[in-house]
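K.L.:
Please find one structure pasted underneath; my questions will follow.
Only the coordinates and a few stated rules stand behind these numbers; no lab work does. Computed from a prediction, not measured in an experiment: that's the story for all the values here. Cβ sites come from the backbone with ideal geometry, for glycine too, and all protein chains shown count toward neighbours.
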Amino acid sequence: MSDIGMFEEALEMIFEVSRFTNSREKGIEILKTISKAKDAFKQPIDLKKVVYFIWNDPYMVVGKNTFIDDMLYHAGYINVVMADRYLELKVEGLKALEPEIILLSTEPFPFNKKHVQELKKHFPEVEIKIVDGEMFSWYGSKLTKAFPYFASLY
């Protein structure tokens, strides 16, 4: 069983699983790939204030003390939701956070262009992007693709 809340814990989990499954070499190979990708990623100096949506109707967003929150930081964002874990918010509450960017995850709810248009009505000045939720929320070997993906967002 694992309870991963931070990027570093995900790396430890990869190593431990590879050790338990007698596939230590494969685990080390995955960790090296992740490390190289992270080192190649140039995190922006000016971190943008973001709200990361995981659900629609009601709007649910990611707060602190989550793996996604930690990955947002590593991707070059500052999560402006200060509550722990996950939070349901109405448009008024979202406006009070004053995000520069809204990220709509493809999972667990599959946000699409229709949702971008709906939110643009309330946030005309805010950049709204649909992002691959796997890159922010899946730990394990999926992390080999996360940092190249983060670079593509800029």
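K.L.:
Arrange I28, I101, I45, I34 by Cβ neighbour counts within 10 Å, fewest through most, would you?
P.N.:
Ascending Cβ contact count within 10 Å gives the list I45, I28, I101, I34.
K.L.:
Moving on. I'd like the FRET efficiency for E127 and N65, computed as 1/(1 + (r/R0)^6) with the beta carbon distance as r and R0 of 35 Å, rounded to 0.05.
P.N.:
0.85
K.L.:
Right, something else. Go through 13-21, 77-85 and give me the packing order, highest mean Cβ count within 10 Å leading.
P.N.:
Going by the mean number of other Cβ atoms within 10 Å, highest first, we get 77-85, 13-21.
K.L.:
Using the Cα atoms of the range 67-154 to build a convex hull, what is its mean projected area in square nanometres?
P.N.:
Taking the Cα atoms of the range 67-154, their convex hull projects to 5.9 nm² on average.
K.L.:
Evaluate 2.2 N^0.38 Å with N set to the residue count of the chain, then give the Cα radius of gyration divided by it.
P.N.:
That works out to 1.09 for the chain.
K.L.:
Starting from the Cα-Cα distance between Y86 and F15, subtract it from 0.36 nm times their residue separation and give me the gain in nm to one decimal.
P.N.:
Separation in residues times 0.36 nm, less the Cα-Cα distance, equals 22.8 nm.
K.L.:
What ranking of H115, H122 emerges when the number of other C-beta atoms within 10 Å of each C-beta is taken as an exposure proxy, fewest first?
P.N.:
Arranged by neighbour count, lowest to highest, H115, H122 become H122, H115.
K.L.:
Once the dipole of the chain is set up with Lys and Arg at +1 and Asp and Glu at -1 on Cβ about the Cα centre, which of I101, M82, A151 lies farthest towards its positive end?
P.N.:
Among I101, M82, A151, the one farthest towards the positive end of the dipole of the chain is A151.
K.L.:
Could you tell me what percent of the DSSP beta bridges with both partners in the chain are antiparallel, to the nearest 5?
P.N.:
Around 30 percent antiparallel, to the nearest 5.
K.L.:
At a Cα cut-off below 21 Å, give the lysines reachable from K42, other chains included and same-chain residues fewer than 8 away excluded.
P.N.:
Hits, sequence-local ones excluded: K32, K129, K142, K145.
K.L.:
To the nearest 10 degrees, how steep is helix 113-122 against the longest Cα principal axis of the chain, on a 0 to 90 scale?
P.N.:
Once rounded, one gets 50 degrees.
K.L.:
Hey, fewest Cβ within 10 Å first, where do M60, M135, M71 land in order?
P.N.:
The fewest-first ordering by Cβ neighbours comes to M60, M135, M71.
K.L.:
If the chain between N112 and E100 were fully stretched, how many nm would it gain, using 0.36 nm times the residue separation less the Cα-Cα distance?
P.N.:
Gain in length upon complete extension: 2.4 nm.
K.L.:
Under 8 Å for C-alpha pairs, at least 6 residues apart: give me the relative contact order for the chain, rounded to a whole percent.
P.N.:
Over the chain, the number comes to 26 percent.
K.L.:
Once fully extended, how much extra length lies between E29 and D3, figured as 0.36 nm per residue of separation less the alpha-carbon to alpha-carbon distance?
P.N.:
Value of the extension gain: 7.1 nm.
K.L.:
Also: How far apart, in nanometres, would the label points at L153 and Y73 be if each is projected 7 angstrom from Cα along the Cα-to-Cβ direction?
P.N.:
Result for the modelled spin labels: 1.5 nm.
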